[in-house]
Amino acid sequence: MLLVHDLSVEDSSEFISLLPPNSKVFSKEIDNIKPCLGCFNCWVKTPGKCIIEDAYTEMPKYILENGTFVIITEIKYGCYSSYVKNVIDRSIGILLPFFQTVNGELHHLPRYYKHLKLIVLGYGKDVTPDEEETFKELVKGNAINLCVHEYETYIIKDISEAKTILKNL
């Protein structure tokens, strides 16, 4: 399992023990991520690998190796936190720069054919119904964009609710 989260070290410490052995964890509190340059070198010069040298250089590899990609993010105006958005941006090397039509929309082709599962837990005490709807649509769109056919979205008010969800994965 690959877990990417924007939690504090204190909040995340109780979740790590719930993960299967050999899980990989990325956190804004531990790993300093540099922003995507939008250069598309991960598509053409270094296929599947970002040219930025940091812990996130090989995000597509980490996603593929682990099979299950779990995101825990604060919901900000119906979207991911900036840290999680940056991780997703740095993962586009998992795709090819070519397009296919999916449900009447243009989307990239997968670079690798592997069954992946995406599980996204969005949290926030004051998330409005409109923000919830926007968030669910965003996750659905990202699942389609990342060529992930199996995905789940959870919206929780309190981060402690994530423990139950992670235990059941």
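Observations
- With respect to (1) outside any strand (DSSP E or B); (2) within 30 Å of residue 21 (Cβ to Cβ); (3) in contact (Cβ under 8 Å) with a residue 24 or more places away in the chain, the lone exception for residue 138 is condition (2).
- Looking across segment 40-79 at every residue that is of a type in the set (Val, Ile, Thr) and more than 29 Å from residue 131 (Cβ to Cβ), the one that is modelled with the lowest pLDDT is identified as 44.
- Any pair with Cβ under 6 angstrom, 6 or more apart, that starts in segment 103-120 at a residue that is without any contact (Cβ under 8 Å) to a residue 60 or more places away in the chain and under 14 Å from residue 60 (Cβ atoms) and ends at one that is hydroxyl-bearing (Ser, Thr, Tyr) and part of a strand (DSSP E or B): 118/151
- Checking each residue in segment 1-15 for being hydrophobic (A, V, I, L, M, F, W, C), assigned to a helix (DSSP H, G or I) and in contact (Cβ under 8 Å) with a residue 24 or more places away in the chain picks out only 15.
- Inter-residue pairs, beta-carbon under 9 Å, first closer than 21 Å to residue 118 by Cα and crowded, with 18+ Cβ neighbours inside 10 Å and in segment 41-68, second modelled with pLDDT under 90 and acidic (Asp, Glu), 6+ apart: 56/31
- Residues that are within 28 Å of residue 165 (Cβ to Cβ) and under 21 Å from the mean Cα position of the chain (by Cα) were ranked within segment 95-106; the one that is surrounded by the fewest Cβ atoms within 10 Å (Cβ to Cβ) is 102.
- Restricting attention to segment 57-84, the residues being in contact with a helix residue (DSSP H, G or I) (Cβ under 8 Å, 6 or more places away or on another chain) and not hydrophobic (A, V, I, L, M, F, W, C) number 6.
- Residue in segment 145-152 that is part of a strand (DSSP E or B), in contact (Cβ under 8 Å) with a residue 24 or more places away in the chain and crowded, with 19+ Cβ neighbours inside 10 Å present: no
- Residue selected from segment 107-132 under the condition modelled with pLDDT of 95 or more and more than 27 Å from residue 167 (Cβ to Cβ), by the criterion surrounded by the most Cβ atoms within 10 Å (Cβ to Cβ): 128
- From 23, 82, residue being in contact with a strand residue (DSSP E or B) (Cβ under 8 Å, 6 or more places away or on another chain), among the hydroxyl-bearing types (Ser, Thr, Tyr) and touching a residue at least 12 places away in the same chain (Cβ under 8 Å): 23
- Here segment 153-169 is the region considered, the condition is being assigned to a helix (DSSP H, G or I) and of a type in the set (Val, Ile, Thr), and the residue that is surrounded by the fewest Cβ atoms within 10 Å (Cβ to Cβ) is 164.
The values are calculated or read from the model by the stated rules, or taken from the named source; none is laboratory data. All values reported here derive from a predicted model rather than from experimental measurement. With ideal geometry, Cβ positions are generated from the backbone for all residues, glycine too; neighbour counts draw on all protein chains shown.
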